[in-house]
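Here is the structure we will look at.
Every number here is computed from the coordinates shown, using simple stated rules; none is lab data. Note that the coordinates shown come from a computational prediction; the quantities given were computed from them, not determined experimentally. A quick note on method: Cβ atoms are made from the backbone with ideal geometry, for glycine too, and the neighbour counts reach across all protein chains shown.
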Amino acid sequence: MAIRLKKSYRFAFRSSLLITLVSTLILLSFIWVFDLLEYWSFIVLYSVITFLVCMAILQIRVQKFIYKRIKKIYDDVTLLEGSNLTAGPITTDMRTLTEEIEKFARDKKIEIDTLKIREAYRRDFLGNVSHELKTPLFTVQGYILTLLDGAIEDKNVRKKYLQRANKGVERLIYIVKDLDLITKLEIGDLNLDYKVFDIIDLIQSVFDLLEIKASKKGIALTFDMEYDRPVWVHADQEKIRQVLTNLIVNSLKYGHKGGTTEVSVENLIKNKVIIRVTDNGEGMSKEHIPRIFERFYRVDRSGSRKEGGSGLGLSIVKHIIEAHGEKIYVESVPGVGSEFSFTLEKEKNRAPAGKAGSKELS
């Protein structure tokens, strides 16, 4: 790593001054002892020359001394980024030098800690991926092996097992597609198709899509109030549809029978709206919230798997919202419920929506 430290001549200056004073005092002693007072002018010239020569020699020597040793220290550090220490002048101010070395050590410690966190995340991620993939793989393999062992001769069994194997394959495809989407979002390879649309109408269409799923759990899908006018936003409509779908499906997954999933749209600032998805389900404790948007992370390691899904829904939500340059927030209380909210840019040339009495859309 290249390093450029502020040049300081304090060490050379002080050392040169000390040498000059000592040598001048010695010379003055000789002059006084041998009564050579006529050489006073020579003493002044001698002092100036001695100081300048000492200053130059000390500065050059100390710089080389420090440079060689500091360069060796940097060369011995295995975590360097590959570039060499510059051959420029290096400070003789040891305090400044010490501060720079301490800063370097702190930066390297942060890098090491970051690498440890990433390594832990990588292990968790690989473990989760293998777990999510092996379940449908083993399921498909089991049904196929059963058919190969002779069950294929029974038409009823054959059709039932092939249908179940097909569901396992569909789950694998679902997981792979979600992983591909997240990868594209992370590397910025997914182009967003921005357009102006009514977010209220989009929410209603998601309600309609999930109406049967919600009714099976006895959960009502509602707006917080009746919106008598559209709320126009500027975003990728299909990606926001996916965000809303994933958030509402997540609320249904952890919701209680007879509960409610409520969506509200509010003006946040002049050019922003915030969409809130609130449920009165299980909720979650604070330690889960920082990790809830990680891939395959599940609050309930057993129960949530019964509901299916790829385990990537909330991670996709976060990436889509951040790809829009927006923010997503989550608040949750165990036994009370959770609220996910995200911002969107409001279309400037449209009138804001009005609100009137309550209206349930279930």
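Structural remarks
- For the residue pairs LYS213/LYS346; LYS64/LYS109; LYS253/LYS286; LYS116/LYS184; LYS177/LYS272; LYS239/LYS346, alpha carbon separations beyond 23 Å are given by LYS213/LYS346; LYS64/LYS109; LYS116/LYS184; LYS177/LYS272.
- Shape box of segment 123-187 [Cα atoms, principal axes, largest first, Å]: 49, 21, 11
- Classification of segment 150-236 by its C-alpha gyration tensor yields an oblate form. The axis ratio a/c (a ≥ b ≥ c) is 1.5 or more, and b/c is at least a/b.
- Hydrodynamic radius of segment 194-356 per Kirkwood, over alpha carbon pairs, in Å: 16.1
- Among LYS155, LYS64, the order by Cβ neighbours within 10 angstrom, fewest to most, reads LYS155, LYS64.
- Zone of LYS177's modelled label, taken as backbone nitrogen in segment 231-249 under 14 Å from a point 7 Å along Cα→Cβ: 239, 242-243, 246
- Beta bridges per DSSP with both ends in segment 138-296, % antiparallel, nearest 5: 75
- Sorted by Cβ neighbour density within 10 Å, fewest at the top, the residues ILE112, ILE200, ILE275: ILE112, ILE200, ILE275
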